[in-house]
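Peer 1: Input: one structure, supplied below.
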Amino acid sequence: MLLDASESQLVLVDYQTRLLPAIFDNAAVVANALRLAQAADLLDVPAWGTEQNPSKLGENPPELRALCRNTLSKMQFSGVEEGLGEWLRPPAKPVQGNARSLPKHLQKSSAGEERNTIVIAGCEAHICLLQTALDLLEDEFEVWVVTDACSSRTERNRDAAFDRLAGAGAELVTTEMVLFEWLRTAEHADFKAIQALVK
């Protein structure tokens, strides 16, 4: 029931420079996205970004882009439709030796540990974030939506997205919930650095 940093990946959806001025509560939303990305960097949680039609809407802020392993440029509203799922769960390499005869569900992934927990936040909550998150749920990822790092042009659209995502099986959390669940203890080596992000 709690997030585990070793099983998590972070996806930051479309915090784009030409879109942000129209987004409700945009300064707080971007600040929380940056906190998530900084915490992910400290705790070795892979972070990924997406950008919707960047030639028209601009790129994500450079400080956010710098903390992502890669940023997906897309035209589909769902990043999963354009290959995000392959980044989050790379295809397994062919199994060598006798293990090939095992049923698929018993074969160990050669990619090492699987990180099936996706912590996701972004804009617009009711369009690109929603469609990406629903596709991730359909692909059997666990999806945790960081509500205070998400927004839309209107509160009503944002809140409708949260209702729909919760109904579809996503967990709704806040930035501080994520950070302190990733830490689990005040004795964690990065506790003070993470605590400083929220002070």
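The values are calculated or read from the model by the stated rules, or taken from the named source; none is laboratory data. Owing to the predicted nature of the structure, the values given are computational and were not obtained by experimental measurement. Cβ atoms come from the backbone with ideal geometry, glycine included; neighbour counts cover every protein chain shown. These accessible areas exclude ligands, DNA and RNA; they are computed on the full protein's heavy atoms, side chains included. Shrake-Rupley method; radii C 1.70, N 1.55, O 1.52, S 1.80 Å.
Peer 1: Which aspartates and glutamates, on any chain, are close to LYS74 with Cα under 12 Å apart, when same-chain ones fewer than 8 places away are left out?
Peer 2: Cα-Cα hits under 12 Å: ASP14, GLU51, GLU59, GLU82.
Peer 1: Still on this model: Give the Debye-formula value of log10 I(q)/I(0) at each listed q (0.10, 0.18 Å⁻¹), with one equal scatterer per alpha carbon of the chain, two decimals each.
Peer 2: Log10 of I(q)/I(0), two decimals: -0.41, -1.21.
Peer 1: Label ASN157 and ASP41 with points 7 Å out from Cα along Cα→Cβ: what is the distance between them in nm?
Peer 2: Between ASN157 and ASP41, the simple spin-label model gives 3.0 nm.
Peer 1: Also, quick follow-up: I'd like to know which of ALA186, ALA92, VAL30 lies farthest towards the positive end of the charge dipole of the chain, counting +1 on Cβ of Lys and Arg and -1 on Cβ of Asp and Glu.
Peer 2: My answer, from the dipole projection, is ALA92.
Peer 1: Tell me, what % of the accessible area of the chain is carbon and sulfur with a 1.4 angstrom probe?
Peer 2: On the way: 5150 of 10340 Å².
Taking all protein chains in place, the chain shows 50 percent carbon and sulfur surface.
Peer 1: So what does ARG115 come to for accessible area, using a 1.4 Å probe and Å² rounded to 10?
Peer 2: Accessible surface of ARG115 is approximately 50 Å².
Peer 1: I'd like to compare 184-194, 73-83: which one has the highest average count of other Cβ atoms within 10 Å, and what's the full order after that?
Peer 2: Details: 184-194: 12.2, 73-83: 18.2.
Listed from highest to lowest mean packing, they are 73-83, 184-194.
Peer 1: Further question on the same structure: Roughly how many debye, to the nearest 20, is the charge dipole of the chain about its Cα centre, given +1 on each Lys and Arg Cβ, -1 on each Asp and Glu Cβ, and no other charges?
Peer 2: In debye, rounded to 20, the chain gives about 400.
Peer 1: Still on this structure, I have one more. Taking amide H positions as placed 1.01 Å from N in the peptide plane, with prolines and chain starts having none, which residues 5 or more places from ALA47, or on another chain, fall under 5 Å of its amide H?
Peer 2: LEU10, ARG69
Peer 1: Counting heavy atoms of the protein chains only and a 1.4 Å probe, report the per residue accessible area for the chain as a whole number of Å². Please list the in-between numbers first.
Peer 2: On the way: 10340 Å² over 199 residues.
Value returned for the chain: 52 Å² of accessible area per residue.
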